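Undergrad: Just dropping this structure here.
Derivation of every value follows stated rules applied to the coordinates shown; laboratory data play no part. If you're wondering where the values come from, they're calculated on a predicted model, not measured in any experiment. Quick reminder, even Gly has a Cβ in these numbers, built from the backbone with ideal geometry, and neighbours come from all protein chains shown.
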Amino acid sequence: MLPSMTSEPEQQIGVGTQDAFQRLWTPHRMAYIQGENKPTGPGADDGCPFCSIPAKSDEDGLIVRRGEQVYAVLNLYPYNGGHLMTVPYRHVADYTELTGTETAELAELTKQAMTALRTASGAHGFNIGMNQGSVAGAGIAAHLHQHIVPRWGGDTNFMPVVGHTKVLPQLLADTRKMLAEAWPAA
């Protein structure tokens, strides 16, 4: 039993049966679960957040780096602290629709993101990938984006399984600033 726990777990109404687990509440995740800020359709003018983010300041849009064809942005609903995405400016859904220049810059910004994350947070490894189409798990299938999720030995990957939550130790604005400062020179 954890030192902070009493001999009898506190029963909270509405959280299910007593199981001796303490709860970490993440009410901000409800916006994602309920589809807030999701596009209303597949077009660029259908409320695509990846099309509107570049018009914001870096701080307001959580943009870490802007390239010519692609930008790097923090995930608003991260799997881990420092979870970045590389996103083409052009509204395109499928990886095969990228131009050679866009593909090259997406790869280069991904490499730079890994370097910045290692420098800023000492990441031990990464999960990198794309979900192509809603059936493959893409939350916003109409606009291609690649995830770069930093990982550390002993990180809190068990939390989604036992607690149905993510543990993020830093505010997104602070993470954005830290990564922007650690980004390698082009």
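Undergrad: In units of 2.2 N^0.38 Å, what is the alpha-carbon radius of gyration of the stretch 31-126?
TA: Here the answer is 1.11, to two decimals.
Undergrad: Related question: What does the charge add up to near GLY67, with Lys and Arg as +1, Asp and Glu as -1, over the other residues with Cβ less than 9 Å from its Cβ?
TA: Here the charged neighbours net out to -1.
Undergrad: While we're on this one: How large is the charge dipole for the stretch 31-140, taken about the Cα centre, if only the Cβ atoms of Lys, Arg (+1) and Asp, Glu (-1) carry charge, to the nearest 20 debye?
TA: The dipole magnitude comes to about 340 debye.
Undergrad: Right, something else. Ranking request for peptides 71-78, 172-179: highest mean number of other beta-carbon atoms within 10 Å first, then the rest in descending order.
TA: Ranking, from highest mean packing down: 71-78, 172-179.
Undergrad: Determine by what factor the alpha-carbon radius of gyration of the stretch 45-186 differs from 2.2 N^0.38 Å, reporting the quotient.
TA: Output field value: 1.01.
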